[in-house]
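Q: Once you've had a glance at the structure underneath, I'll fire off some questions.
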Amino acid sequence: MEIRPARPDEFPLLQQIEDASGAPFREHGMPEIADDDPMPLDVLARLHVWVACDPDPVGWVAAGEVDGYAHVEQVSVHPDRARRGIGARLLDHVQEWAAGRDLAGLTLTTFRDIPWNAPYYERLGFREIEPSPGLAAIVAEEAERGLDPVSRVCLRRRSGGGVHRRY
């Protein structure tokens, strides 16, 4: 599977993948998350975005820089392609990109108790951290959008800690 930078003309497809990947939240009793709007096109345009293609995009990841780390804003894999290591490969790609920019590793915010959120990332080497100033601002923005800060967690995976390769 090829991982490459996303093209702007692919951004609407990435929104469709994000919408589809939100469906399991409905089954988990969180329809408001399942129905949440995908990342806006103008936000995608400001971030570093990569796609996993086989041959067309089936998953994607978007990252920016926050407090000396590559911050994963979104990772989405189409449910038809879930549980095949695509998300892990995308995160590894961002980790390699971060190392090339002398960033200390990866950070992200996610739901604490959703099985395919914090527990999944912890299996990939992420650990819970106290929020840095930049992460605290992100959690505050999430709260303004209606996400309960108690349900959220900040995670970090440092560079040099071993990139996940089980796929």
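Q: Have a look at 101, 83, 46 and point out the one that is over 25 Å from residue 8 (Cα atoms) and over 14 Å from the mean Cα position of the chain (by Cα).
A: 83
Q: So if I check each of 77, 43, 49, 58, which one is of a type in the set (A, V, I, L, M, F, W, C) and either within 15 Å of residue 22 (Cβ to Cβ) or in contact (Cβ under 8 Å) with a residue 60 or more places away in the chain (or both)?
A: That would be 77, the only listed residue that is of a type in the set (A, V, I, L, M, F, W, C) and either within 15 Å of residue 22 (Cβ to Cβ) or in contact (Cβ under 8 Å) with a residue 60 or more places away in the chain (or both).
Q: Then there's this: Any residue in the stretch 120-135 that is closer than 21 Å to residue 15 by Cα and either modelled with pLDDT of 95 or more or not in a strand (DSSP E or B) (or both)?
A: So in the stretch 120-135, the residues closer than 21 Å to residue 15 by Cα come out as none.
No, the conditions are met nowhere in the stretch 120-135.
Q: Considering each of 26, 7 in turn, give the residue that is without any contact (Cβ under 8 Å) to a residue 12 or more places away in the chain and under 21 Å from residue 94 (Cβ atoms).
A: 7 is the lone residue from the list that is without any contact (Cβ under 8 Å) to a residue 12 or more places away in the chain and under 21 Å from residue 94 (Cβ atoms).
Q: Scan 13, 47, 103, 90 and give me the residue that is aliphatic (A, V, I, L, M), modelled with pLDDT of 95 or more, within 22 Å of residue 157 (Cα to Cα) and surrounded by fewer than 21 Cβ atoms within 10 Å (Cβ to Cβ).
A: Residue meeting the stated conditions: 47.
Q: Quick check, is residue 71 closer than 25 Å to residue 148 by Cα, of a type outside the set (A, V, I, L, M) and either crowded, with 17+ Cβ neighbours inside 10 Å or modelled with pLDDT of 95 or more (or both)?
A: Numbers: closer than 25 Å to residue 148 by Cα: yes; of a type outside the set (A, V, I, L, M): yes; either crowded, with 17+ Cβ neighbours inside 10 Å or modelled with pLDDT of 95 or more (or both): yes.
Answer is yes for this residue.
Q: Let me ask something additional. What residue, among those in the stretch 72-97 that are basic (Lys, Arg) and in contact with a Phe, Trp or Tyr (Cβ under 8 Å, 6 or more places away or on another chain), is nearest to residue 134 (Cα to Cα)?
A: Per the criteria, the residue is 89.
Q: Residues of the stretch 98-115 being under 18 Å from residue 134 (Cα atoms) and either part of a helix (DSSP H, G or I) or of a type in the set (A, V, I, L, M) (or both), which ones?
A: Of everything in the stretch 98-115, those that are under 18 Å from residue 134 (Cα atoms) and either part of a helix (DSSP H, G or I) or of a type in the set (A, V, I, L, M) (or both) turn out to be 98, 103, 104, 106, 108.
Q: For the stretch 120-132, indicate whether the set of residues that are on the phi < 0 side of the Ramachandran plot, surrounded by 16 or more Cβ atoms within 10 Å (Cβ to Cβ) and either over 13 Å from the mean Cα position of the chain (by Cα) or acidic (Asp, Glu) (or both) is non-empty.
A: Looking for residues that are on the phi < 0 side of the Ramachandran plot, surrounded by 16 or more Cβ atoms within 10 Å (Cβ to Cβ) and either over 13 Å from the mean Cα position of the chain (by Cα) or acidic (Asp, Glu) (or both), one finds at least one in the stretch 120-132, hence yes.
Q: Select from the stretch 9-50 the residues that are in a helix (DSSP H, G or I) and either farther than 25 Å from residue 85 by Cα or small (Gly, Ala, Ser) (or both) and list them in ascending order.
A: Within the stretch 9-50, 9, 20, 21, 23, 31, 32, 34, 41, 42, 43, 45, 46 qualify.
Q: Inside the stretch 80-107, can you point out the residues that are basic (Lys, Arg) and closer than 14 Å to residue 3 by Cβ?
A: Selection gives 81, 84, 89.
The values are calculated or read from the model by the stated rules, or taken from the named source; none is laboratory data. Computed from a predicted structure; not experimentally measured. Cβ sites come from the backbone with ideal geometry, for glycine too, and all protein chains shown count toward neighbours.
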